[in-house]
Amino acid sequence: MLNIDLPRSERIWLMIGGASLVVFFAIILLMALVWGFHNPGQMKTIAPDAVRTTPPFDKPGLYQVGPNEYRAVMIAQMFMYQPNNVTVPAGSTVHFEVTSPDVVHGFEIPGTNVNLMVVPGHITEYTATFRNKMDRVIVCNEYCGSGHQVMLGRFVVQ
Ligand code: CUA
């Protein structure tokens, strides 16, 4: 310990500050290593002007890849999603793969953990399991131009 003559109240506040840093860091480690929280991946890249000719985005759609498991290959563009309507049975795990050929878009299914940023040049991937029935709007929550407010899709768990 440095032998600095600090007033008692200042030492107490320094200790409180230091302890909160330790607690916050421990929570981040717990979330990442134990609870498996992670950011939606954007590690894969794609040429934005070649989205429509690059697999899998040359055939956007919903594909069944196992029992109760689907792959949703989607394009977010001014001012629509393709496919525009995704319907899966309750209990399904869906692997979303989304990209944009033009500008940054959002991809949010309200009330779920799906809230993605879709960046041109990148493929945003996220996996979620949907246990409960729902009928939701897919919302673009990044301002993307004059038609931003009408950029909507539909996500149904039945
Ligand atoms: Cu797309 Cu706002």
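The values are calculated or read from the model by the stated rules, or taken from the named source; none is laboratory data. Quick caveat: nothing in here was measured; it's all calculated off a predicted structure. Using ideal geometry, Cβ is built from the backbone for each residue, glycine included, and neighbour counts are taken over all protein chains shown. Accessible surface areas use protein heavy atoms only, side chains included; no ligands, DNA or RNA. Shrake-Rupley method; radii C 1.70, N 1.55, O 1.52, S 1.80 Å.
Do you know which of the residues in segment 120-140 that are more than 11 Å from the ligand (Cβ to nearest atom) and among the hydrophobic types (A, V, I, L, M, F, W, C) is most open to solvent (accessible area, probe 1.4 Å)?
VAL137
Inside segment 91-119, can you point out the residues that are open to solvent by 40 Å² or more (accessible area, probe 1.4 Å) and aliphatic (A, V, I, L, M)?
VAL103, VAL104, MET117
Go through (1) open to solvent by less than 40 Å² (accessible area, probe 1.4 Å); (2) over 23 Å from GLY145 (Cβ atoms) and name the single condition TYR81 misses.
(2)
Within the group TYR143, TYR81, which residue is within 12 Å of the ligand (Cβ to nearest atom), under 13 Å from LEU62 (Cα atoms) and of a type in the set (Ser, Thr, Tyr)?
TYR81
ALA90: of a type in the set (Gly, Ala, Ser), in the same structural domain as GLY147 (by TED's automatic domain parsing), modelled with pLDDT of 95 or more and over 26 Å from SER146 (Cβ atoms), yes or no?
So ALA90 fits the description; yes.
So PHE107 passes all but one of these: (1) within 14 Å of VAL157 (Cβ to Cβ); (2) in contact with a strand residue (DSSP E or B) (Cβ under 6 Å, 6 or more places away or on another chain). Which condition number does it fail?
Just one mismatch for PHE107, condition (1).
Find the strands (runs of 3 or more DSSP E) located wholly in segment 27-88 whose residues include 1 or more that are among the aliphatic types (A, V, I, L, M) and over 17 Å from MET117 (Cα atoms), and list them.
61-66, 85-88
Has segment 5-18 got any residue that is modelled with pLDDT under 95, acidic (Asp, Glu) and open to solvent by 40 Å² or more (accessible area, probe 1.4 Å)?
Yes, because at least one residue in segment 5-18 is modelled with pLDDT under 95, acidic (Asp, Glu) and open to solvent by 40 Å² or more (accessible area, probe 1.4 Å).
Looking at ALA26, ALA32, can you tell me which residue is surrounded by 10 or more Cβ atoms within 10 Å (Cβ to Cβ), at pLDDT 95 or above and small (Gly, Ala, Ser)?
From the options ALA26, ALA32, the qualifying one is ALA26.
Cβ-Cβ distance below 9 Å, separation of 6 or more or different chains: which pairs start in segment 97-112 with a residue that is more than 10 Å from the ligand (Cβ to nearest atom) and end on one that is among the aromatic types (Phe, Trp, Tyr) and assigned to a loop (DSSP other than H, G, I, E, B)?
Note: pairs meeting the criteria are GLU97/PHE57; THR99/PHE57; PRO101/PHE57.
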